[in-house]
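The values are calculated or read from the model by the stated rules, or taken from the named source; none is laboratory data. All values derive from a computational prediction rather than experimental measurement. Positions of Cβ are generated from backbone atoms using ideal geometry, with glycine treated the same way; all protein chains shown enter the neighbour counts. All accessible areas refer to the heavy atoms of the entire protein, side chains included, with ligands and DNA or RNA removed. Shrake-Rupley method; radii C 1.70, N 1.55, O 1.52, S 1.80 Å.
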Amino acid sequence: MEALADVAVLSRIQFALTVAYHFLFVPLSIGLGLILAINETRYYRSRKPEDAAATKFWVKVFTATFAIGVATGITMEFSFGTNWANYSRFVGDIFGAPLAAEALFAFFLESIFLGVLLFGRKRVSPRFYMVSAWLVWAGSCLSALWILIANSWMQTPAGGELNAEGTEAVITDFFAAAFNPSIFARYTHTVDALLIMGAFVAMAVAGWYLLKGRHKDFAMKTMRIAAVVGIVTSCTMIVFAHASAVVVWEEQPTKLAMMEGMYDSEVPPLYAVGIVDEQGQEVIAPFAIPGGTSFLATGNFDTVYPGLNELAQTEEYGDMVVEDMPVGLVFQSYHLMVAMYGLIMLTSILVLVFTFKGGRIARMRWLQWAAVLSPIWPFIAIQTGWITAEVGRQPWVVYPSVTGPDGVALLTADGISMSVSAPELWLTIGLFVLVYAVLLVGWARVVGRFIKEGPVVEDAARDDAAVAVAVAAVPGGAVVLEEAVVAQGDEAAKGGE
């Protein structure tokens, strides 16, 4: 019960809820952005009305998702100043540049060219419109880069040092900070996961239409695109995930120890499933591959790796209390993520084979249902991957990585705002849950209506106005589209009547 009154724990829970909710929509935005750009490229080449309708369909789904993603992302930035004031003061000199760059370059790029997609079909050349679709997707990927630069610096600090008072981290080399040891591995791993999510959502929409016997041509074309994107991104994930694991091995020893439930130094085995006995400090598993994790990280089966008990005796990780470490949570989230990847690969292969093998998927209802349910796998993988990455670096909010500058680390308990009380946190957590539930229902109803209507060939101007009105109906969506709607003026309003 003490945790219910612990401000640090409650602040972490509140931030975790806001981030997890926001990360429902980020994968959809980036993943579906690629699907949208591919569809627009196909229309640019074919000039077929049905391909234009497909592009309009994905523009509507993307815009609704983008709008609510922006609205929920703002909450996290405010929480830095309200709930994590000490943390903000500690990292402010480092974080200012990437967060400002994300807003000035990436978000503006994405928003401006999204306006072109919404209102510019008959006002710009077909080539410019197609390029705009790709720039929207590029903007979302660039936005992810700047955010992950900031987040990766927390995992593997670089290009900074403590100030004279020892109270703040100050930047000494911007490029070293931006291109910190984990950024490339974490960025490729994350973005590839988001593209998998987009492919599987497109796959689910196509599978739903096949089940209902509607929009069959659109469904098969979408299924082919989703199958190709899904198999390519799923295969490349093997490389990116391995690179990310190697960085954890080299830079974050306590995280790897928790991922594999290692309390004492050993050659880490590879578990498929298991339970961590935190009292007995051991992993109970039906089977394991001896030295399997050692091989994946170092290329051989006999590398001894330090466990949590040994690491807690070192100067760098002496603040760690082994008994309080969330080993069971990190172990299960990591292995659940790996299990979901197995389902992702299986689904990708099945859909690819039976989509391109004479279009047999159109007659296979069980595989159509599998496609409809398939977004569950990458969704769980993304969320558990995030849990592994963020909970795995506890008890630090700025982790003392192996190659990080001396002294540049911050315990999570030292990063909270001292003026925030437990009752205030419980109140805001309740309000967040309530408001976010309303937002989720609003988004689901809008997107559900788009899917119900399907890709219909209609007048472009009327479609553009309808998208703006529908997205504005999503709480927070009006903020994103307000200026575009005003610029559209009477013409857009007239077209929506």
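Quick notes
- Number of residues in the range 125-163 that are touching a strand residue (DSSP E or B) at 6+ places or on another chain (Cβ under 7 Å) and within 14 Å of LEU36 (Cα to Cα): the value is 0.
- Taking the range 232-278 as the range and being of a type outside the set (Val, Ile, Thr), assigned to a helix (DSSP H, G or I) and surrounded by fewer than 20 Cβ atoms within 10 Å (Cβ to Cβ) as the test, the residues that pass are CYS235, HIS242, ALA243, ALA245, GLU250.
- For the range 355-378, the candidate set comprises residues that are open to solvent by 20 Å² or more (accessible area, probe 1.4 Å), in a loop (DSSP other than H, G, I, E, B) and not basic (Lys, Arg); within that set, the residue that is modelled with the lowest pLDDT is GLY358.
- Only one of the numbered conditions (1) at pLDDT 90 or above; (2) touching a Pro at 6+ places or on another chain (Cβ under 9 Å); (3) open to solvent by 10 Å² or more (accessible area, probe 1.4 Å) is not met by PRO290, and that is (1).
- In the range 182-194, the residues that are within 16 Å of GLY159 (Cβ to Cβ) reach residues that are of a type in the set (Val, Ile, Thr) and open to solvent by less than 40 Å² (accessible area, probe 1.4 Å) with C-beta atoms within less than 7 angstrom, at least six apart or across chains, in these pairs: SER182/THR156; SER182/VAL247; ILE183/ILE149.
- Within the range 119-137, considering residues that are open to solvent by 40 Å² or more (accessible area, probe 1.4 Å) and of a type in the set (A, V, I, L, M), the one modelled with the lowest pLDDT: VAL124
- Test: residue in the range 340-352 that is over 30 Å from GLY274 (Cα atoms) and open to solvent by 40 Å² or more (accessible area, probe 1.4 Å): yes
- Residue within the range 301-308 that is at pLDDT 90 or above and either surrounded by fewer than 17 Cβ atoms within 10 Å (Cβ to Cβ) or under 25 Å from the mean Cα position of the chain (by Cα) (or both) present: no
- Of the residues in the range 379-387, not one is at pLDDT below 90 and open to solvent by less than 20 Å² (accessible area, probe 1.4 Å).
- When the range 387-404 is filtered for residues that are over 16 Å from LEU148 (Cα atoms) and either in a loop (DSSP other than H, G, I, E, B) or touching an Asp or Glu at 6+ places or on another chain (Cβ under 6 Å) (or both), the ones remaining, listed by number, are GLY392, GLN394, PRO395, PRO400, SER401, VAL402, THR403, GLY404.
- One residue from PRO49, PRO98, PRO27 being of a type outside the set (Lys, Arg), open to solvent by 30 Å² or more (accessible area, probe 1.4 Å) and in contact (Cβ under 8 Å) with a residue 12 or more places away in the chain: PRO49
- Residues in the range 52-78 that are open to solvent by less than 10 Å² (accessible area, probe 1.4 Å), under 30 Å from GLY415 (Cα atoms) and among the polar types (S, T, N, Q): THR72 only.
- Just one of (1) surrounded by fewer than 22 Cβ atoms within 10 Å (Cβ to Cβ); (2) closer than 25 Å to TYR187 by Cα; (3) not hydrophobic (A, V, I, L, M, F, W, C) fails for THR41. It is (2).
- Some residue of the range 198-205 being in a helix (DSSP H, G or I), over 21 Å from the mean Cα position of the chain (by Cα) and under 24 Å from GLY454 (Cα atoms): no
- Helices (runs of 4 or more DSSP H) contained entirely in the range 408-497, each with at least 2 residues that are among the β-branched types (Val, Ile, Thr), surrounded by 17 or more Cβ atoms within 10 Å (Cβ to Cβ) and modelled with pLDDT of 50 or more: 422-453
- Complete set of residues in the range 271-293 that are within 28 Å of VAL398 (Cβ to Cβ) and within 29 Å of the chain's Cα centre (by Cα): VAL276, THR293
- Lone unmet requirement of (1) within 19 Å of PHE95 (Cα to Cα); (2) assigned to a helix (DSSP H, G or I); (3) of a type outside the set (A, V, I, L, M, F, W, C) for THR384: (1)
- Listed by first and then second residue, the pairs with beta-carbon distance under 6 Å, at least 6 apart or on different chains, first residue in the range 267-280 and more than 18 Å from PHE295 (Cα to Cα), second open to solvent by less than 50 Å² (accessible area, probe 1.4 Å) and assigned to a strand (DSSP E or B), are GLY274/VAL283; VAL276/VAL283.
- Test for LEU24: is it within 30 Å of ALA227 (Cα to Cα) and modelled with pLDDT of 90 or more: no
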